[in-house]
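*Asks:* One structure, as structure tokens, below. Some questions next.
The values are calculated or read from the model by the stated rules, or taken from the named source; none is laboratory data. Please read these numbers as outputs of a predicted model, since none were measured by experiment. Cβ atoms come from the backbone with ideal geometry, glycine included; neighbour counts cover every protein chain shown.
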Amino acid sequence: METEERAITPKSVVVDIVNLMNMRTRVTSWEDEEEIHVDVWGDDLGILIGRAGSTLQALQDLVSTIVKRNGQEGRRIVIDVERYKERRRQKLRDYAERMAEKALITRKPISLEPMTPRERKIVHDTIKDVAGVESKSEGEDPERRVVISPA
């Protein structure tokens, strides 16, 4: 008797993981030419996000490794839980704008807390649109941070 093997997709891996965790979720996915997005919806999903998104990043790395090891996909895999990443992006933009304003008022550089490379890019991209300030990254990971200075 032959068993039909299910394709290993980012969505199927996420579904398997949340099922093993006995979580009631709805998992959706969509894709474009560069990325495959998997979105997880449900109640009490903070455990999938973790502190500052650390568990979510680990989940994304794990799913990417599983899928790519099985030769199923070469595109970047992006996993989000309850739109956490979009909310975090907006908070970072707002924070960067407030700190840019503070740097303009005080005429002194403002050093932000350490961030991941992706978070620093969001801050740098936001600062590009603020007149009179500039940004640069200083330090070594994991303590690398953005410094916003008057131009």
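To keep it simple, each residue is scored yes or no on (1) in contact with a Pro (Cβ under 9 Å, 6 or more places away or on another chain); (2) aliphatic (A, V, I, L, M); (3) at pLDDT 95 or above.
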residue	(1), (2), (3)
VAL13	no, yes, yes
VAL18	no, yes, yes
ARG26	no, no, yes
VAL40	no, yes, yes
SER54	no, no, no
LYS68	no, no, no
GLU86	no, no, no
GLU101	no, no, yes
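*Asks:* Somewhere in the stretch 27-45, is a residue among the small types (Gly, Ala, Ser), assigned to a loop (DSSP other than H, G, I, E, B) and over 30 Å from PRO150 (Cβ atoms)?
*Replies:* Scanning the stretch 27-45 turns up no residue that is among the small types (Gly, Ala, Ser), assigned to a loop (DSSP other than H, G, I, E, B) and over 30 Å from PRO150 (Cβ atoms).
*Asks:* Separate question: When the residues of the stretch 135-151 are filtered to those that are touching an Asp or Glu at 6+ places or on another chain (Cβ under 9 Å) and of a type outside the set (Ser, Thr, Tyr), which remaining residue is surrounded by the fewest Cβ atoms within 10 Å (Cβ to Cβ)? If you could, list the steps in order and put the result at the bottom.
*Replies:* Of the stretch 135-151, the ones touching an Asp or Glu at 6+ places or on another chain (Cβ under 9 Å) are 144-151.
This time we only want the ones that are of a type outside the set (Ser, Thr, Tyr), so: 144-148, 150-151.
Details: ARG144: 14, ARG145: 16, VAL146: 26, VAL147: 16, ILE148: 26, PRO150: 15, ALA151: 10.
Looking at the filtered set, the residue picked out is ALA151.
*Asks:* Of the residues GLU119, GLU101, GLU97, which is under 30 Å from VAL13 (Cα atoms), part of a helix (DSSP H, G or I) and either among the charged types (D, E, K, R) or touching a Phe, Trp or Tyr at 6+ places or on another chain (Cβ under 8 Å) (or both)? I'd like the intermediate steps shown before the answer.
*Replies:* Working: GLU101 fails: under 30 Å from VAL13 (Cα atoms); GLU97 fails: under 30 Å from VAL13 (Cα atoms).
Going through GLU119, GLU101, GLU97 in turn, just one is under 30 Å from VAL13 (Cα atoms), part of a helix (DSSP H, G or I) and either among the charged types (D, E, K, R) or touching a Phe, Trp or Tyr at 6+ places or on another chain (Cβ under 8 Å) (or both): GLU119.
*Asks:* Just one of ILE49, ILE17 is more than 16 Å from the chain's Cα centre (by Cα), surrounded by 15 or more Cβ atoms within 10 Å (Cβ to Cβ) and either outside the structural domain of THR116 (by TED's automatic domain parsing) or without any contact (Cβ under 8 Å) to a residue 60 or more places away in the chain (or both); which is it? Steps first, answer last, please.
*Replies:* Numbers: ILE49 fails: more than 16 Å from the chain's Cα centre (by Cα).
When all the criteria are applied, what remains is ILE17.
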